[in-house]
Amino acid sequence: MPVTHPAAHALEFGSIDGGSLTQGVAATLLFFVVGAVVLSLGFLALDLLTPGNLRHQVYVDRNPNAAILLGANHLALAIIVVTSIMTSADSLGQGLVDSAVYGILGVVLQAVALRLLDAFVPGHLRNLVNEPRMNGAAWAVGISLVAIGAVNAAALS
């Protein structure tokens, strides 16, 4: 009877299904693209709803209030995108459509929420974004956006 070293059993890999791996990689890339598109649409929506060029305000002017709103909105949308991907249909095609539709719906709902915040918050969002010094109200609006994003994500069906 041949004697085998115990480590030889630990190195047994079993069979590898290349087709399944390829499908998984393709699905990952496609869901990533859907998520990136939704986040880009979210940036464009926020840019349209805030005064001036948001990218310039955040990355060139280094406006802390604009940066807080951008970061909070991206975090909120990421929560929505992750939830839409995790709760999407099992079939790839339907799952991608589900994720895209619910992600875009999340962008719309975040934009509506931002407009409502602008209407109800004293001083208006325009003034807050244009202010060069950090303002505590930016944190309040940013955290509100994240909270609204979490509610949007929980409401996905």
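The values are calculated or read from the model by the stated rules, or taken from the named source; none is laboratory data. Computed from a predicted structure; not experimentally measured. Glycine gets a Cβ as well: all are built from the backbone with ideal geometry, and neighbour counts include every protein chain shown.
Only one of the numbered conditions (1) surrounded by 18 or more Cβ atoms within 10 Å (Cβ to Cβ); (2) part of a helix (DSSP H, G or I) is violated by S88, and that is (2). When region 115-135 is filtered for residues that are polar (S, T, N, Q) and part of a loop (DSSP other than H, G, I, E, B), only N135 remains. Would you call A155 under 19 Å from V82 (Cβ atoms) and surrounded by 13 or more Cβ atoms within 10 Å (Cβ to Cβ)? Judged against the criteria, A155 is a match.
Take D90 and tell me if it is farther than 15 Å from S144 by Cα, free of Cβ contacts under 8 Å to residues at least 12 places away in the same chain and charged (D, E, K, R). It is true that D90 is farther than 15 Å from S144 by Cα, free of Cβ contacts under 8 Å to residues at least 12 places away in the same chain and charged (D, E, K, R). Checking each residue in region 61-80 for being in contact with a helix residue (DSSP H, G or I) (Cβ under 8 Å, 6 or more places away or on another chain) and not in a helix (DSSP H, G or I) picks out only N63. Could you check, for region 16-28, whether at least one of its residues is in a helix (DSSP H, G or I), in contact with a Gly (Cβ under 9 Å, 6 or more places away or on another chain), on the phi < 0 side of the Ramachandran plot and surrounded by 10 or more Cβ atoms within 10 Å (Cβ to Cβ)? Scanning region 16-28, I find at least one residue that is in a helix (DSSP H, G or I), in contact with a Gly (Cβ under 9 Å, 6 or more places away or on another chain), on the phi < 0 side of the Ramachandran plot and surrounded by 10 or more Cβ atoms within 10 Å (Cβ to Cβ), so the answer is yes. Taking first residues from region 15-27 that are under 21 Å from V97 (Cα atoms) and partners that are modelled with pLDDT of 80 or more, the Cβ contacts under 7 Å between residues at least 6 apart in sequence or on separate chains come to A27/L92.
When the residues of region 76-103 are filtered to those that are in contact with a Leu (Cβ under 8 Å, 6 or more places away or on another chain) and not small (G, A, S), which remaining residue is farthest from A155 (Cα to Cα)? Looking at residues that are in contact with a Leu (Cβ under 8 Å, 6 or more places away or on another chain) and not small (G, A, S), I get L92.
Of the residues examined, A26 is one that is over 18 Å from the mean Cα position of the chain (by Cα), at pLDDT 75 or above and aliphatic (A, V, I, L, M). Comparison of A119, A89, A36 shows that the only residue that is small (G, A, S) and either at positive phi or modelled with pLDDT of 95 or more (or both) is A36. Here is the figure for region 29-55: residues that are part of a loop (DSSP other than H, G, I, E, B) and either more than 22 Å from the chain's Cα centre (by Cα) or exposed (fewer than 12 other Cβ atoms within 10 Å of the Cβ) (or both) total 2. Of V112, V97, V58, all but one fail to be part of a helix (DSSP H, G or I), exposed (fewer than 14 other Cβ atoms within 10 Å of the Cβ), of a type in the set (A, V, I, L, M, F, W, C) and free of Cβ contacts under 8 Å to residues at least 24 places away in the same chain; the exception is V112.
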